[in-house]
Structures are given as C-alpha cells and as structure tokens.
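The values are calculated or read from the model by the stated rules, or taken from the named source; none is laboratory data. Quick caveat, the model's predicted, so the values are computed rather than measured. Quick reminder, even Gly has a Cβ in these numbers, built from the backbone with ideal geometry, and neighbours come from all protein chains shown.
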Amino acid sequence: MARLHRRTLLAAALSAPAWARDPASPVLVMRHAQTEPGVGDPPGFVLGRCDTQRNLSTEGRMQARAFGARLAALQLRPSSLRSSRWCRCLHTAEELRAGLGADAPRVDPWPALDSTFDDRSRAPAQTTQLLQRLSALRMPAFELWVTHQINITALTGAPALMGQALWIAARADGSVAVTPFD
C-alpha cells in the first residue's frame, strides 16, 4: 500500500506545473493576449484612451479568460495581479481575473510594466524596478504580471508570444531564471 501511495505522489509531482516543482518562482509574467493585427500602437495614441491603441481581438479576450480558468483549475491563485497601463494588457488582466473567479485579486496598473517600445530610454529604469520587486518576493505566494514582449525580453532575455506566460525568479547573481508555463 505504501508503495502505491508513493507512486501516486510521484506521478502527481511530475504532472504538476513547473513552478510547483520549483518553488523559487514568485512571478508568472505574461505577454498580453492576442491583439488586432499590427505592431506597437498607431501614431498619436493616448495611454488612457483605448480607442487610440492596438487592442485585444475577440480571440484574445477568450484566450485571456481561458488562461485564468486554467490557473483556477490548477488551483494557482496569484496574490497580486499587476498590469501595464496599456489597454491590451489591462483587458488581458481583467479577462484573466474573470476566468480566475470571484475571489481573484483586483487588477493593479503598474507603470513599471508599461511598454517601452516607443521610448526605449525608459527600459533600464523599468527593468530595474521589476528586478527589485522580483527579488523581494517570496514563495509560496506569487504575483501575475501582464506586460509586453519588449519588457519581458529586457527582463529575462527570452521572447514571449502573445498570451504566453513564463515563471521567473531572481538568481543570487542578479540574473533571472525562466521556466515556461506549460
């Protein structure tokens, strides 16, 4: 009986998400979900006006909600849900929150996650802020950050497709460990 119980536990551990096997990943960083076609934002976009930005497509809204539902099914509940102030990220976070269920954390817009695509001079300071927050977090709680590909690459060195998420953790040497969310 003990042998069967150990096999069951081993099988459960091996099928668990990567972060459950590596409890040193306090952030799940996600690139916003699928958008309308385009790159960046239209000329003259205004941060607080979604009608001037490239936004989520219908598929992107469904993708984000399904991701939240997947997290809920895996019993992965973020302690905090932070987002870039760009509408495509905020809407991804809101749909994700809806998929998580009624007790999901509210979406917290955080300028450190804002896109640096149009002003790369902001990237070093924002990346430093993200690294400082990442270094300060401790498991078992984790935060979910919704941001842009350019920010994810600056932080981790790894690209991310729309709707893709990565577990990240700060290493002692200041670099970032990356584990794809599978």
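Can you name the residue in the range 77-88 that is under 22 Å from Pro26 (Cβ atoms) and touching a residue at least 60 places away in the same chain (Cβ under 8 Å) and is also surrounded by the most Cβ atoms within 10 Å (Cβ to Cβ) among such residues? If we take residues in the range 77-88 being under 22 Å from Pro26 (Cβ atoms) and touching a residue at least 60 places away in the same chain (Cβ under 8 Å), then Ser83 is surrounded by the most Cβ atoms within 10 Å (Cβ to Cβ). Being modelled with pLDDT of 90 or more and touching a Lys or Arg at 6+ places or on another chain (Cβ under 9 Å) holds for only one residue in Leu28, Leu56, and it is Leu56.
Pairs linking a residue in the range 121-142 that is of a type in the set (Ser, Thr, Tyr) to a residue that is exposed (fewer than 15 other Cβ atoms within 10 Å of the Cβ), with Cβ atoms under 9 Å and 6 or more positions apart or on different chains, are Ser135/Gly174. Of all residues in the range 48-70, those that are over 12 Å from Glu95 (Cβ atoms), of a type in the set (A, V, I, L, M, F, W, C) and crowded, with 18+ Cβ neighbours inside 10 Å total 0. Close Cβ contacts (under 7 Å, 6 or more residues apart or on different chains) running from residues in the range 154-173 that are in contact (Cβ under 8 Å) with a residue 12 or more places away in the chain and at positive phi to residues that are in a loop (DSSP other than H, G, I, E, B) and not charged (D, E, K, R) comprise Gly163/Ala33; Gly163/Gln34.
Given the condition aromatic (Phe, Trp, Tyr) and either farther than 21 Å from Gln149 by Cβ or part of a loop (DSSP other than H, G, I, E, B) (or both), answer yes or no: does some residue in the range 54-69 qualify?
So far as the range 54-69 goes, no, none of its residues is aromatic (Phe, Trp, Tyr) and either farther than 21 Å from Gln149 by Cβ or part of a loop (DSSP other than H, G, I, E, B) (or both).
Within the range 30-54, residues that are closer than 18 Å to Thr116 by Cα and without any contact (Cβ under 8 Å) to a residue 24 or more places away in the chain have Cβ atoms under 7 Å from residues that are surrounded by 15 or more Cβ atoms within 10 Å (Cβ to Cβ) and of a type in the set (Phe, Trp, Tyr) in these pairs: Thr52/Phe45, counting only partners at least 6 apart in sequence or on another chain.
Of all residues in the range 89-118, which are surrounded by 15 or more Cβ atoms within 10 Å (Cβ to Cβ) and of a type in the set (D, E, K, R)? Those that are surrounded by 15 or more Cβ atoms within 10 Å (Cβ to Cβ) and of a type in the set (D, E, K, R): Glu94, Glu95, Arg97, Asp114.
Among the residues of the range 119-166, those that are assigned to a helix (DSSP H, G or I), loosely packed, with under 15 Cβ neighbours inside 10 Å and hydrophobic (A, V, I, L, M, F, W, C) comprise Ala125, Ala136. Name the single residue, out of those in the range 70-83 being hydrophobic (A, V, I, L, M, F, W, C) and part of a loop (DSSP other than H, G, I, E, B), that is nearest to His148 (Cα to Cα). The qualifying residue nearest to His148 (Cα to Cα) is Leu76.
To keep it simple, each residue is scored yes or no on (1) at pLDDT 95 or above; (2) in a loop (DSSP other than H, G, I, E, B); (3) in contact with an Asp or Glu (Cβ under 9 Å, 6 or more places away or on another chain); (4) on the phi > 0 side of the Ramachandran plot.
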| site | (1), (2), (3), (4) |
| --- | --- |
| Ala24 | no, yes, no, no |
| Ala33 | yes, yes, yes, no |
| Gly38 | no, yes, no, yes |
| Pro42 | no, yes, no, no |
| Arg85 | yes, yes, yes, no |
| His91 | yes, no, no, no |
| Leu96 | yes, no, no, no |
| Gly99 | yes, no, no, no |
| Ala102 | no, yes, no, no |
